1. Just a yes or no: is a residue in the stretch A:284-294 touching a Lys or Arg at 6+ places or on another chain (Cβ under 9 Å) and farther than 21 Å from A:TYR239 by Cβ?
2. If you check A:LYS274 against the conditions, is it within 18 Å of A:ARG316 (Cα to Cα) and surrounded by fewer than 16 Cβ atoms within 10 Å (Cβ to Cβ)?
3. May I ask you to verify whether A:CYS212 is in a helix (DSSP H, G or I), more than 14 Å from chain B (Cβ to nearest Cβ) and closer than 29 Å to A:PRO342 by Cα?
4. Within the stretch B:84-94, does at least one residue satisfy the condition of being under 19 Å from B:SER306 (Cβ atoms) and at pLDDT 90 or above?
5. Restricting to the stretch B:191-222, and then to whatever is touching a residue at least 12 places away in the same chain (Cβ under 8 Å) and small (Gly, Ala, Ser), can you tell me which residue is surrounded by the most Cβ atoms within 10 Å (Cβ to Cβ)?
6. Going by what's in this entry, would A:ALA5 be described as at pLDDT 95 or above and loosely packed, with under 12 Cβ neighbours inside 10 Å?
7. I'd like the full set of residues that are within 14 Å of chain B (Cβ to nearest Cβ), over 22 Å from A:TYR355 (Cα atoms) and of a type outside the set (Ser, Thr, Tyr), limited to the stretch A:193-209.
8. If you go through the stretch A:135-149, how many residues are within 17 Å of A:ALA46 (Cβ to Cβ) and surrounded by fewer than 14 Cβ atoms within 10 Å (Cβ to Cβ)?
Amino acid sequence: MLKRAVAVIHIPDNLSQKIEFLLGSSDAISNEPIEIFSEQRVAFLAQLSRLLLADPVGKSMPDIAAFAYWCRQANLERMRERYDPKSRLQMGLGLTFHICPANVPVNFAFSMAFGLLSGNSCVLRLPSKPSATIDLLASAIQKQLNEPCYQHLRQDLVLMRFDRDDEIVKFLISIADGRIIWGGDETVAHMRSFPSKPRSREVAFPDRYSLCLLEPVCILEMGKQAFDRFCFALYNDIYLMDQSACSSPQLIAWIGEPKEVEAAQRKLWPEVVKIARQKYPLQAVHVIDKFTAVCRNSIANLGVQSIERNTNVLYRIQLSFLDKHQDECRGYFGTIHEVVLPHLDALAPIVSERYQTLTVQGIDHTVIRQWITRNRLRGIDRVVPVGRALDMSILWDGYDLIGSLSRVVDL
Amino acid sequence: MLGKETLGDIATWPVYELPQARKQSLLLSVMQDLTSHHANSCPGYRAILQKLWNIEDITNLETVPFLPVRLFKHERLISVEPTEVVKTMTSSGTSGTAVSQIFLDKHTSAMQVKVLSRIMGEFIGPKRLPLLVIDCRKTIADRQKFSARTAGILGFSVFGREVEFALDDDMSINEERVMGFLSKHAGESILIFGFTFIVWLYLVRWLESNGRSLNLERGILIHGGGWKQLQSQAVDPEDFKRRLKGVTGITRIHNYYGMVEQTGSIFMECEHGYLHSSVWSEVFVRDPMSFDPLPFGQPGLIQLLSAIPRSYPGHSLLSEDEGVLHGIDNCKCGRKGSYFKVLGRVQDAEARGCSDTYTR
């Protein structure tokens, strides 16, 4: 009988010497796919979720808690139902190679979950920058893999670190059936310069721009409780990632009458500032970055009418019109661009393929849907309520991640 | 309003003698004049003023608008015709590869020299002294790399004569040359200049670890420039002085603080370890969270005013250094003006975002 082709990959010694393996090894990496949302993988992630939530340290770290909450059993089941894996056969591609982001350490765990749930083995290159989040997650994953019941997963998961090294990357891309690249335009372009398998797939996360739509009357009419919740939600979207995540809102577009907008702004911003002053650890170096950025903005952006500086916690850059390249005017650490528009269509001309997340309050989803189709928008991949800008989803950056990393067997 | 022609007089002001009230009113009128001059002459400065400040109410020195010093790394800010520029100064700094660009016309450049020599005269006397530079000749030879170190050495060379370099191009002390310099100027006071971390690393530490000493008792050491490249080595000023004295015998040691964006208006350290504002400069310490001025004793961001910059809008700058204001007019050294200490650069924070993965 013919021996089955060995589905185990070896990393050549000259390369593996330069690699630090946090999990897995260089001589036994599987590239065998499995069906999407397999029972064992769902169980693995659900158990990981329990493990993390049971750890007081893990539970206290917001990014780890968010991941643990995301991959708890009930949520995974909900996701699974969407793909209907029982009635149709969908398999992973084989081996996925992931370049994970340094500045949002927890995203490696999401990346891993996407790779595993879509039926692939995963080789993840973790950032070299020290991170408590990564240490804690990696040790929890390791602990769980040591359990006999997850033995079969050991060849399916490799966590590694290596210094910038094109030879290693070149090799890993050459063996990968799918690659997931978290990073800006530059990283994505760099990874594309390496040859890959003819059938390999790519999920790339380049630089994106996100914005928020607000309807003034809805904010004016909110009762105290709803308003407090709303302010907190907006605070989270803006401040939790220092406004540096691709889904953090940069622009607030008010759709309505200038008078009502003004009243809503007067109600809204002092409250958001109050929360930020209590909760946001603004550092002196952030202030210098912010202040330099608004000064540059004052010079460069002709649309800037005035800049409202409420202490240094929030800078509100008032725009008299939207620049065609609005997506290049970014702010961090609580720097918001604001514009007042008479109707939604006035926003359409600036929406390029760079636009990712639209957070919305007070505007109906049907209206948004019609707006996107009517204007044939090239961008905007997510529309979520205010407060959910940073929630990771299996639909991200316009990809159905499971669909993108698997193949459908027509049976 | 003070015009350009009267500015020459400014250089004749007494360096450390004016009581605060008098100094304030003199400096305020210069600041008001400079602010409106730059607003009229520099479009970038005007744009910032219009959007971020209420310029009607510059009623005291605290309300003079300030720019973040890093802005000069990103924007070309100039308040004279480009044809009037006689010199462009650059500084690398620490944030990435961007370089500050400071444009000087004849007038501003001359003011820098005048003011600097007036301040220095207070510490080393009116005569030029033999100058020993704690650095190597190579540092000033390569004009392509016009660093802060080059600028500092060349700038201070003006106050010395018969300049000698203590270090060879490999940064080792040439004891023979130093001894030669000392015996040539036996009995005279000498001026010694060097960058703080160079003095520390290649003079103090070298002498200590080789069990050597040099007799520089007659020297007046002027050092500055911070520890940017050697943050891990930074020692506290008292330790610096004590150990320097241990291997060289020097007792007259003056640190100075200043930035290339306000060349000339330097803050000299007095015998009691405080940095002093001269009559041409003022310092405020601001709360990073609000930019409100902080009272004496509380640490915050250092803002610097200088009467010199006329060819570029650098008369009021927010630095990236943290410091503490200790008082005004009542330092034990007898010099008038505000006095303060620098604590160091603001701590770099962790940058966050999705797009930092492989290439950067």
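The values are calculated or read from the model by the stated rules, or taken from the named source; none is laboratory data. The shown structure was predicted, so the numbers you read here are calculated from the model rather than taken from an experiment. Cβ placement follows ideal geometry from the backbone for every residue including glycine, while neighbour counts extend to all protein chains displayed.
1. No, the stretch A:284-294 contains no residue that is touching a Lys or Arg at 6+ places or on another chain (Cβ under 9 Å) and farther than 21 Å from A:TYR239 by Cβ.
2. The answer is yes for A:LYS274.
3. Spelling it out, it is not the case that A:CYS212 is in a helix (DSSP H, G or I), more than 14 Å from chain B (Cβ to nearest Cβ) and closer than 29 Å to A:PRO342 by Cα.
4. So in the stretch B:84-94, the residues under 19 Å from B:SER306 (Cβ atoms) come out as B:85-91, B:93.
Now narrow it down to the ones that are at pLDDT 90 or above: B:85-86.
Yes: one or more hits.
5. B:GLY194
6. Spelling it out, it is not the case that A:ALA5 is at pLDDT 95 or above and loosely packed, with under 12 Cβ neighbours inside 10 Å.
7. The one that is within 14 Å of chain B (Cβ to nearest Cβ), over 22 Å from A:TYR355 (Cα atoms) and of a type outside the set (Ser, Thr, Tyr): A:PHE194.
8. The total comes to 3.
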